[in-house]
Amino acid sequence: MSFVTRFAPSPTGRLHKGHAFSALTAWTAAREAGGRFILRIEDIDPTRCRPEFDAAILEDLAWLGLDWETPVRRQSEHLADYAAAVETLNRRGLLYRCFRTRKEILDAIGDAPHGPAEAVRPGPHPADEEARLLAEGRPFAWRLSLDRARDTLGGAAWDGLSFVEEGKGPEGETGMVQARPGTAGDVVLARKDAGTAYHLAVTHDDALQGVSHVIRGEDLFEATHIQVLIQALMGWPTPVYRHHRLLTGPDGRRFAKRDGSVTLAQLRADGITPEALRAELGF
Ligand code: GLU
């Protein structure tokens, strides 16, 4: 099997040390395996993605000494592909329309500020309500029905959903891991504003691009459970997963775009060389 891996950042901010570690981990693995390294720009979120961050990603990774195949796939240029996948699932009765707002969903599940809005199962609207909302032209998302997914796959296949973890999940999960798609809720596969959503676009592209190894941070380990289900429903292969630890700053907290933690641009401006950064990160 040929080894194909990818780094798939979203251009919602400048890259920081955590991204550098992730990109270097994937790039080095591809080199060591004599395989291919793909850079994919995951820019389906029209409210948070910005072209200047996209350009900066390429600049920062090149500064770091990475190279990648061209052309780079930008998800925003392929929305028709994702729409076709949504249509396929929809024709098989696996999706339902959800007109609810994030607030309505949170209110409905009570005061659960920690539950991400997607980890819920609001279920389809009653037919008359749905007809009215549609007639009013209200925007809606498409959610994947776990009930329908289980019926479609059959109990044995559902129970057998699994993936190979060559790294480690946050609880030390490794080796053959049984997928638990049920815990993710009826996830949104097509957002109101974007026509697609992360889980669908990422699994679509991993399959299309022949990704054999998904190498990414352990913060995305939970996402794997639902991604394995989508792969089974779409007949897409399940890659091998290699989740890596997340880097933390001196305060013990993980790097995150929202903290304005040290960006590669800032390190560069401070005179840090790419060699020094690579060495610090263990490469
Ligand atoms: N685009 C996602 C992110 O920026 C990563 C997707 C993935 O590696 O599966 O967090």
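The values are calculated or read from the model by the stated rules, or taken from the named source; none is laboratory data. Bear in mind the structure is a predicted one, so any value in this text is a computation, not a measurement. Quick reminder, even Gly has a Cβ in these numbers, built from the backbone with ideal geometry, and neighbours come from all protein chains shown.
Residue by residue, here is whether (1) without any contact (Cβ under 8 Å) to a residue 60 or more places away in the chain; (2) under 27 Å from residue 82 (Cβ atoms) holds:
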site: 125; (1), (2): yes, yes
site: 131; (1), (2): yes, yes
site: 144; (1), (2): no, yes
site: 148; (1), (2): yes, yes
site: 152; (1), (2): no, yes
site: 165; (1), (2): no, yes
site: 171; (1), (2): yes, no
site: 174; (1), (2): yes, no
site: 180; (1), (2): yes, yes
So which residues in the range 59-81 are within 15 Å of the ligand (Cβ to nearest atom) and either farther than 22 Å from residue 215 by Cβ or assigned to a helix (DSSP H, G or I) (or both), if there are any at all? 60, 61, 75, 76, 78
The range 214-233 - residue that is of a type in the set (A, V, I, L, M) and in a strand (DSSP E or B) and, of those, farthest from the ligand (Cβ to nearest atom): 215
Provide a single number: the residues in the range 168-190 that are touching a strand residue (DSSP E or B) at 6+ places or on another chain (Cβ under 9 Å) and either on the phi > 0 side of the Ramachandran plot or surrounded by fewer than 19 Cβ atoms within 10 Å (Cβ to Cβ) (or both). 10
So in the range 1-21, with the set limited to residues that are closer than 17 Å to residue 166 by Cα and of a type in the set (Val, Ile, Thr), which one is farthest from the ligand (Cβ to nearest atom)? 4
Going through 211, 202 one at a time, which residue ends up being assigned to a loop (DSSP other than H, G, I, E, B) and within 11 Å of the ligand (Cβ to nearest atom)? 211
Across the range 109-136, the tally of residues that are at pLDDT below 75 and more than 26 Å from the chain's Cα centre (by Cα) stands at 2
Please indicate, with yes or no, whether at least one residue in the range 234-257 is without any contact (Cβ under 8 Å) to a residue 40 or more places away in the chain, in a helix (DSSP H, G or I) and of a type outside the set (Ser, Thr, Tyr). no
Residue list for the range 22-50, restricted to those being away from the ligand (no atom under 13 Å from the Cβ), surrounded by fewer than 21 Cβ atoms within 10 Å (Cβ to Cβ) and either under 19 Å from residue 196 (Cβ atoms) or aromatic (Phe, Trp, Tyr) (or both): 46, 47, 50
Can you work out which of the residues in the range 160-196 that are small (Gly, Ala, Ser) and either at pLDDT 95 or above or in a strand (DSSP E or B) (or both) is nearest to the chain's Cα centre (by Cα)? 190
